[in-house]
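**Student:** Below are the structure tokens for one structure; questions will follow.
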Amino acid sequence: MQEAIILVGGKGTRLRPLTNHTPKPLLNVAGSSFIRHQIAKLTDAGVEHVVFATSYLADLFEEEFKDFSQDLEISYAVEEIPLGTGGAIRNAARLLRGTSADAPVLILNGDILSGVDLRAVLRHHQARVADVTLHLTRVPDPRAFGLVPTDEAGRVLSFLEKPKTPEECVTDQINAGCYVFRRSVLDAIPADREVSVEQETFPQLVAGGGRVFGHVTDDYWRDLGTPLAFVHGSADLVTGRATSPLVGPPAVALIHPTATVDATARVTGGSTIGPHAVIGPRVVVDRSIVGANVTVAEAAQIHESVVDHDSSIGSESFLREVVVGCHSHVGAQNELPAQLRLACGIRIPSLGVRMSGTATACLTAH
């Protein structure tokens, strides 16, 4: 039986307010919760049993999959206190069904959108009789990441901190958040304290002569941890730059059948329009996510933004790289600056926020 663990315990603080009430892996990406895209990918790779390593709002994962009926069994390992990545993996391992010490266990981070072939990673692991195999991806600018250099045979040489100078960029390979563990190595992770696989488990294995290999690819890869990366990842799935078994042929937009989009509106760039949303005349929605029951009034523009469920955007308002929390209202003719995040339930009056001047008369008596 091929088994897997998905790490889904994080609070997703970089995506607030979207994650105030919803764990990051349960946010909708290209029409489905992100975790369902991962489950579909694991099923295609022959995985028969997956363990969710949960912590934050753990009950919502069981609610999401209470009616799940595909040929995949799901278990839930709740982390009561912070255990780090290694501790979370070790805590989830107690629910694995296999008993063979040599059995390979796939492990995925719950916020990575990747095009890597999981069957190829498993084959790579088994062919090299590895203790651990890491999927490594190449990035144009590795300075924001820890580096993972390998030798000509693909064996990992070290795990380096984020480089501070060009001379320290000895490789463009980074940890892509997908691993295969030999079961015996997984079971050796301490179970009684917080452990980081990146800073402790992997470096100790390399230093001790363990067989740690990298599977290096140039496949699509994106960490969905920030709002801009989140909307770009969703758009990439819709347009076909990234793939998922749950998304159909490449398209300019994914519009729910119950949504209403005016004939004069333009929904482009891989945007997603949720259930019962209403997109008014001359609206532009580009590379954005508009949630369920959202109303966007005439001539508003939404670019690279997220408007969470049950919110409204007034006429002629302009959003770029903005996150609007659920049950919020943005009045007419607002111009919201990039990186702005509106908390859930916020109400902005018409002309309340503008980056350019307005000729509207002052309503206050002087």
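**Student:** Of everything in the stretch 80-99, what is charged (D, E, K, R) and closer than 14 Å to Pro190 by Cβ? Give them in sequence order. Before the answer, list the steps.
**Tutor:** Taking the stretch 80-99 and keeping what is charged (D, E, K, R), we get 80, 90, 94, 97.
Residues satisfying the conditions are Arg90, Arg94.
**Student:** Return yes or no: is Val148 β-branched (Val, Ile, Thr) and in contact with a Phe, Trp or Tyr (Cβ under 7 Å, 6 or more places away or on another chain)? So that I can check it myself, show each step before the final result.
**Tutor:** Working: β-branched (Val, Ile, Thr): yes; in contact with a Phe, Trp or Tyr (Cβ under 7 Å, 6 or more places away or on another chain): yes.
So Val148 fits the description; yes.
**Student:** Which numbered condition trips up Asp102, out of (1) touching a Cys at 6+ places or on another chain (Cβ under 9 Å); (2) part of a loop (DSSP other than H, G, I, E, B); (3) closer than 16 Å to Val185 by Cβ?
**Tutor:** Failed condition: (1).
**Student:** Of Ile189, Ile107, Ile174, which residue is aliphatic (A, V, I, L, M) and farther than 26 Å from Ala242 by Cβ?
**Tutor:** Checking each option against the conditions leaves just Ile189.
**Student:** Could you please find all residues in the stretch 1-37 being more than 22 Å from Glu198 (Cα to Cα) and not in a loop (DSSP other than H, G, I, E, B)?
**Tutor:** Matches in the stretch 1-37: Leu15, Leu26, Asn28, Val29, Ser32, Ser33, Phe34, Ile35, Arg36, His37.
**Student:** Let me ask another. Could you tell me which residue of the stretch 190-199 is surrounded by the fewest Cβ atoms within 10 Å (Cβ to Cβ), considering only residues that are touching a Ser or Thr at 6+ places or on another chain (Cβ under 7 Å) and either part of a loop (DSSP other than H, G, I, E, B) or of a type in the set (Ser, Thr, Tyr) (or both)?
**Tutor:** Ser196
**Student:** Sticking with this structure for a sec: Test each condition in (1) crowded, with 21+ Cβ neighbours inside 10 Å; (2) closer than 22 Å to Ile39 by Cα; (3) not β-branched (Val, Ile, Thr) for Gly214 and report the one that comes out false.
**Tutor:** Just one mismatch for Gly214, condition (2).
**Student:** Quick one: is Ala103 of a type in the set (Gly, Ala, Ser), surrounded by fewer than 23 Cβ atoms within 10 Å (Cβ to Cβ) and in contact with an Asp or Glu (Cβ under 8 Å, 6 or more places away or on another chain)?
**Tutor:** yes
**Student:** Inspect all residues belonging to the stretch 125-136 and state whether any of them is in contact with a Ser or Thr (Cβ under 9 Å, 6 or more places away or on another chain), surrounded by 16 or more Cβ atoms within 10 Å (Cβ to Cβ) and at positive phi.
**Tutor:** No, that holds for no residue.
Conditions tested, residue by residue: (1) polar (S, T, N, Q); (2) buried (at least 23 other Cβ atoms within 10 Å of the Cβ); (3) assigned by TED's automatic domain parsing to the domain that holds Thr13; (4) more than 30 Å from Glu80 (Cα to Cα).
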site	(1), (2), (3), (4)
Ala188	no, no, yes, no
Ser234	yes, yes, no, yes
Val261	no, no, no, yes
Val278	no, no, no, yes
Asp286	no, no, no, yes
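**Student:** In the stretch 77-97, which residues are modelled with pLDDT under 85, touching a helix residue (DSSP H, G or I) at 6+ places or on another chain (Cβ under 7 Å) and under 8 Å from Val195 (Cα atoms)?
**Tutor:** Scanning the stretch 77-97 gives Leu83, Thr85.
**Student:** Further, regarding this structure: Does His366 satisfy the criteria of being assigned to a loop (DSSP other than H, G, I, E, B), modelled with pLDDT of 95 or more and outside the structural domain of Val29 (by TED's automatic domain parsing)?
**Tutor:** no
**Student:** Another question about this same structure. Of all residues in the stretch 145-171, which are under 15 Å from Phe213 (Cβ atoms), touching a Pro at 6+ places or on another chain (Cβ under 7 Å) and aliphatic (A, V, I, L, M)?
**Tutor:** Leu157
**Student:** Mind checking which residues of the stretch 53-94 are within 22 Å of Leu18 (Cβ to Cβ) and part of a strand (DSSP E or B)?
**Tutor:** Within the stretch 53-94, Ala53, Thr54 qualify.
The values are calculated or read from the model by the stated rules, or taken from the named source; none is laboratory data. Predicted, not measured: the structure shown is a model, and the values here were computed from it. Ideal geometry is used to build each Cβ from the backbone, glycine not excepted, and the neighbour counts take in all protein chains shown.
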